[in-house]
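Student: Below is the structure I would like to discuss, written out as structure tokens.
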Amino acid sequence: MHTTVAHTPAGEEARALCERHLEGRGVRIADIAAIVLDLQRPFVPGLDVAECVESVEAVLSKREVCNALLTGIALDTLAERGALPEPLQSTVLHDDPLYGIDEVLALAVVNIYGSIGFTNFGYLDKVKPGIVGLVDGRGHGPERCDTFLDDLIAAVAAAAAARIAHGHRDTR
Ligand SMILES: [Mg+2]
């Protein structure tokens, strides 16, 4: 018997896949880049939105980031359909504050450019600027579940900002 095994892509294909899934949940790369710009502007004179978009795209082209995004978005989507087994279904749908696996999954993204990403993520998770706050605030179930998505977006922004921080130190 022949079975086809699909693998999560890396590089440009991963970026395109992530972008498609994010857009399916109403999130654009430009929305994430806007957060990156706000985070890094005080430290990087002359930083512009184009460089932030480029950094977000670089983060999204990593396989582990793509895996985390696809996993989180799949769980959010399944919760919206009532397709998860209990007690996971209720826990994810209602974003139980004691669940915490949404933050744990986001950590897979946060640390790819070192500990600056971790600090950035803590800040974004608390302040919830821009698209992070929008996604967090648009409510939970039964028709809408973004338990994983808000953390994943914050994590991608945090990693993209850390990448810029490291890049500018190296080229100075
Ligand atoms: Mg969450």
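Where a number appears in this text, it was derived from the coordinates with a stated rule and is not lab data. Note that the coordinates shown come from a computational prediction; the quantities given were computed from them, not determined experimentally. Here the Cβ positions follow ideal geometry from the backbone for every residue, glycine too, while neighbour counts run over all protein chains shown.
Student: Looking only at segment 81-102, which residues are within 15 Å of the ligand (Cβ to nearest atom), acidic (Asp, Glu) and surrounded by fewer than 18 Cβ atoms within 10 Å (Cβ to Cβ)?
Tutor: Asp96, the sole residue that qualifies.
Student: Restricting to segment 103-153, give me the number of residues that are of a type in the set (D, E, K, R), within 14 Å of the ligand (Cβ to nearest atom), assigned to a loop (DSSP other than H, G, I, E, B) and touching a helix residue (DSSP H, G or I) at 6+ places or on another chain (Cβ under 8 Å).
Tutor: 3
Student: Looking at Pro42 and the list (1) over 16 Å from Ala162 (Cβ atoms); (2) surrounded by fewer than 15 Cβ atoms within 10 Å (Cβ to Cβ), which single condition is not satisfied?
Tutor: Status for Pro42: all satisfied but (1).
Student: Which residue out of Arg169, Arg144, Arg81 is free of Cβ contacts under 8 Å to residues at least 24 places away in the same chain, among the basic types (Lys, Arg) and closer than 24 Å to Gly26 by Cβ?
Tutor: Every option except Arg81 fails the conditions.
Student: Looking only at segment 68-80, count how many residues are crowded, with 18+ Cβ neighbours inside 10 Å and closer than 14 Å to Leu107 by Cα.
Tutor: Total satisfying the criteria: 3.
Student: Being free of Cβ contacts under 8 Å to residues at least 12 places away in the same chain and assigned to a helix (DSSP H, G or I) is the filter here; which residues of segment 89-102 pass it?
Tutor: Gln89, Ser90, Thr91, Ile101
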